1. Inside the stretch 207-279, counting only strands (runs of 3 or more DSSP E) that do not spill past its ends, which hold 2 or more residues that are touching a residue at least 60 places away in the same chain (Cβ under 8 Å)?
2. Given the criteria in the same structural domain as GLY99 (by TED's automatic domain parsing), within 16 Å of the ligand (Cβ to nearest atom) and under 29 Å from GLU255 (Cα atoms), does ILE67 qualify?
3. So which residues in the stretch 125-144 are without any contact (Cβ under 8 Å) to a residue 40 or more places away in the chain and either under 20 Å from ASP239 (Cβ atoms) or part of a loop (DSSP other than H, G, I, E, B) (or both)?
4. Considering only residues that are within 20 Å of GLU41 (Cα to Cα) and among the small types (Gly, Ala, Ser), look in the stretch 85-130 and name the one that is farthest from the chain's Cα centre (by Cα).
5. Just to verify a result, which residue in the stretch 191-201, among those that are of a type outside the set (Asp, Glu) and within 16 Å of the ligand (Cβ to nearest atom), is nearest to LEU241 (Cα to Cα)?
6. Restricting to the stretch 176-206, give me the number of residues that are over 14 Å from the mean Cα position of the chain (by Cα), over 18 Å from ASP239 (Cβ atoms) and crowded, with 21+ Cβ neighbours inside 10 Å.
7. Looking at (1) out of contact with any helix residue (DSSP H, G or I) (no Cβ under 7 Å at 6 or more places or on another chain); (2) at pLDDT 95 or above; (3) within 11 Å of the ligand (Cβ to nearest atom); (4) closer than 23 Å to HIS52 by Cβ, which one does MET130 not meet, given that it meets all the others?
Amino acid sequence: DGKIWMDGQMVEWRDAKIHVLTHTLHYGCGAFEGVRAYETEQGTAIFRLQDHTKRLFNSAKILRMQIPLTQDQVNQAQVDVVKANGLKSCYLRPLTWIGDRKLGVSPKGNTIHLMVAAWAWGAYLGEDGMERGIRTKISSFTRHHVNITMSQAKAVSNYTNSILANTEALDDGYDEAILLDASGFVSEGSGENIFVIKDGVVYTPDLSAGALNGITRNTVMHICEDLGLEVVQKRITRDELYICDELFFTGTAAEVTPIREVDRIQIGEGRRGPLTEKIQKAFFDIVNGRNPK
Ligand code: PLP
């Protein structure tokens, strides 16, 4: 139930439909965002709204899709959807896709559509995981072995490997997958960036490993600096994960989620590490407006 913003109009949840001959459904060229709004003392606030909208437009640009709206209009659409649904804290999903006017690989002559949906969504990898840490495995699927140039687009087609990796992890009894790049360096989770802590220094893969330039990743890097922690972006190997002190994922959906196990190897003390807890707390203070930056 509720309302979805679709091409400039607020439509009922059940009426927000597309045709089976929609180009994106056949060829996978489309882009989306994941955004969160939090209840703060000043009311509901969408965290880093403009940055998410900008990344959506950049994703579309990489895919040569011309969104027929301004970034301001897409910002406003997100504010309106939250209001129209009476939501306080929620997840937002803007999506842009190529329409159903004609089929064939070429998208030329087709219409570009955009919608924004919003719903209440708790801890993506589970409340329990937020406190105790989650269990992960290195995936047999790599990140973007097909096309590294697309790693910065939140493109629909980029998620096939993410889906396969996540499904494999769940089927094997883990909570989430960690994907390596084609050379074997650590890239990211199926929908999360990864951070490693060793001897008080914070490491995260540099973007050449094909990880998305996460907005939460960026926020967490600033938090670490504020906490006086050195942050280093570098190539990270699988075995560096096994012997690190603390490990965690970041993402709009996953927020800051500790990792307590990789490939059945215990990380650190096998629970949320003390620096991870500090960073997690600082993150929630910021998004909930208790320490606005
Ligand atoms: N990596 C992938 C593949 C993602 O889908 C996401 C989610 O958006 C992230 C990383 C984390 O990015 P952000 O913090 O901007 O949500």
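1. Correct list: 246-251, 255-262.
2. Values: in the same structural domain as GLY99 (by TED's automatic domain parsing): yes; within 16 Å of the ligand (Cβ to nearest atom): no; under 29 Å from GLU255 (Cα atoms): yes.
No.
3. From the stretch 125-144, those without any contact (Cβ under 8 Å) to a residue 40 or more places away in the chain are 127-128, 140-141; that's our starting set.
The answer is SER140, PHE141.
4. The qualifying residue farthest from the chain's Cα centre (by Cα) is GLY86.
5. Within the stretch 191-201, the first condition is being of a type outside the set (Asp, Glu), and the residues that meet it are 191, 193-198, 200-201.
Within this subset, residues satisfying the condition of being within 16 Å of the ligand (Cβ to nearest atom) are 191, 193-196.
On the way: GLY191: 18, ASN193: 14, ILE194: 10, PHE195: 9, VAL196: 7 Å.
Within the stretch 191-201, the match that is nearest to LEU241 (Cα to Cα) is VAL196.
6. Going through the stretch 176-206 one residue at a time, the tally reaches 1.
7. Answer for MET130: the failing condition is (3).
This table checks each residue for (1) outside the structural domain of ALA282 (by TED's automatic domain parsing); (2) within 12 Å of the ligand (Cβ to nearest atom); (3) among the polar types (S, T, N, Q).
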| site | (1), (2), (3) |
| --- | --- |
| THR142 | no, no, yes |
| VAL156 | no, yes, no |
| GLY189 | no, yes, no |
| ILE223 | no, no, no |
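The values are calculated or read from the model by the stated rules, or taken from the named source; none is laboratory data. Everything numeric in this text was worked out from a predicted model, so none of it was measured. Please note: Cβ atoms are built from the backbone with ideal geometry, for glycine as well, and neighbour counts cover all protein chains shown.
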